[in-house]
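Have a look at the structure below, then the notes.
Computed from the coordinates by the stated procedures, all read-outs in this text should not be read as laboratory data. Note that the structure is a prediction, hence the values are computed from the model and not measured. With ideal geometry, Cβ positions are generated from the backbone for all residues, glycine too; neighbour counts draw on all protein chains shown.
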């Protein structure tokens with residue numbers, strides 16, 4: 001039986017994938033250019049050959065590179081980027097726009113969660129659990145926990161086994177987490193500890209459904225969580241008006 005990759009290995013793979021994607025996007029590795037060899041990438045990033053091979057596999061799955069047997073791996077010709085996509089500047093979105101994005105996320109992430117319940121690996125389940133613990137620790141320390149919150153949603157999307165889900169989540173970015181769009185005065189009116197505790201209870205419901213492989217429950221739990229997020233944000237918006 002094959003051994004599932006460890007969480008550390010998955011994190012290293014994601015790091016190498018992100019670095020190579022950035023080099024391709026910036027033109028450092030031009031379209032049609034040959035990527036460094038496996039050995040060179042091992043030296044450049046200080047990772048194992050297994051990590052490099054998995055990173056190459058992910059880049060091929062996303063049509064960013066193509067491997068020619070016996071020759072090497074090459075960057076594909078670029079496709080038009082998402083600069084014209086209306087949600088590309090989500091970091092500067094208004095509360096109303098983030099409410100609209102939550103409607104989009106409800107339609108997408110509910111299905112991603114359902115697929116994750118069927119396709120997740122043991123390592124991905126472990127990663128979700130770690131992130132929920134990180135959210136709880138940040139909440140206890142008085143932080144907003146937006147980073148591990150975003151990472152949890154990204155992990156669920158990755159566990160769907162369909163790279164378009166995490167690609168879109170990455171494109172939207174951390175600002176899709178509703179509380180990053182609430183100004184400090186509004187936050188002051190919230191019971192932050194209870195707010196984050198409720199959010200994490202909802203996350204746990206999603207996690208448990210995925211862990212036990214229950215697609216219907218995972219879909220329902222994610223819908224409940226995102227719908228509640230929308231209502232929490234809407235309540236703050238109405239208070240400010």
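Data overview
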read-out	value
Relative exposure of 222, 56, 128, judged by other C-beta atoms within 10 Å (fewest first)	56, 128, 222
Rounded if a/c under 1.5, otherwise prolate or oblate - the range 94-135, Cα gyration tensor axes	oblate
Euclidean distance between Cα centres, the range 92-136 to the range 5-78, Å	26 Å
Dimensions in Å of the range 27-67 - Rg and Dmax from alpha carbons	10.3, 26
